[in-house]
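In what follows, a single structure is set out as structure tokens and then discussed.
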Amino acid sequence: MSATLTPNALTILETRYLLKKDGVIIETPDEMFRRVARAIAKAEPKEIQKEWEEKFYNLISSLCFLPNSPLIAGAGRAGACYSACFVISPEDTMESIMKIGSDAAMVEKWGGGVGFGFSQLRPRGDSIKTVQGKALGPVAAMKMYSAIGEAITQGAARKGAHMGQLIASHPDV
């Protein structure tokens, strides 16, 4: 039995989470709760999946527990991301910095958000011996990843979500 949803909650479900076909909503909130519970229960051994589906359904439909947004939006869809947050941090090489940008785009494509650790990157202006140049520093990497996030629409529902971390003792702080 589903809890009573407020008008605001129904609007959010209709806008972001209920399945649609050609722009038309094709499931009710209760069907969404069931879809999510079924998807979560698939992690259990086959012989107890139905039992766990009911447990999850009761928790979710009563609003005692709500999974994260990517799981609610993607449950049961091929290629969907069920995790909300990933931490990927570049090493201090051009190859790593660019690969992390690509990895972040793929995480965001499927609905996840990304936390970046920038502490390994050398400070702005430090020498780069291999190309006789100067490092752009972590802020330049942050700006590049931010631009990637702006370009990617997560799960067709939101822009890329990022969090950056830089140790307080880094010279660029």
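Data for the structure
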| item | result |
| --- | --- |
| Filtered residue count, segment 148-173, keeping only those that are under 30 Å from residue 15 (Cα atoms) and modelled with pLDDT of 90 or more | 2 |
| Residue 80, sole failed condition from (1) assigned to a loop (DSSP other than H, G, I, E, B); (2) within 30 Å of residue 137 (Cα to Cα) | (2) |
| Qualifying residue in segment 96-117 (condition: more than 30 Å from residue 38 (Cα to Cα), open to solvent by 40 Å² or more (accessible area, probe 1.4 Å) and at pLDDT below 90) | no |
| Tally of residues being under 30 Å from residue 170 (Cβ atoms) and either open to solvent by 50 Å² or more (accessible area, probe 1.4 Å) or at pLDDT 85 or above (or both) across segment 66-95 | 12 |
| Which listed residue, of 37, 41, 9, is farther than 20 Å from residue 81 by Cβ and open to solvent by less than 70 Å² (accessible area, probe 1.4 Å) | 9 |
| Matching entry among 63, 19 (being surrounded by fewer than 18 Cβ atoms within 10 Å (Cβ to Cβ) and touching a residue at least 60 places away in the same chain (Cβ under 8 Å)) | 63 |
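Yes/no per residue for (1) of a type outside the set (S, T, N, Q); (2) out of contact with any Lys or Arg (no Cβ under 7 Å at 6 or more places or on another chain); (3) outside any loop (DSSP other than H, G, I, E, B):
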residue	(1), (2), (3)
76	yes, no, no
91	yes, yes, no
96	no, yes, yes
101	yes, yes, yes
105	yes, yes, yes
123	yes, yes, no
136	yes, no, no
149	yes, no, yes
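The values are calculated or read from the model by the stated rules, or taken from the named source; none is laboratory data. What you are looking at is a predicted structure, and each value in this text was computed from that prediction instead of being measured. Every residue, glycine as well, gets a Cβ built from its backbone with ideal geometry; the counts of neighbours run over all protein chains shown. These accessible areas exclude ligands, DNA and RNA; they are computed on the full protein's heavy atoms, side chains included. Shrake-Rupley method; radii C 1.70, N 1.55, O 1.52, S 1.80 Å.
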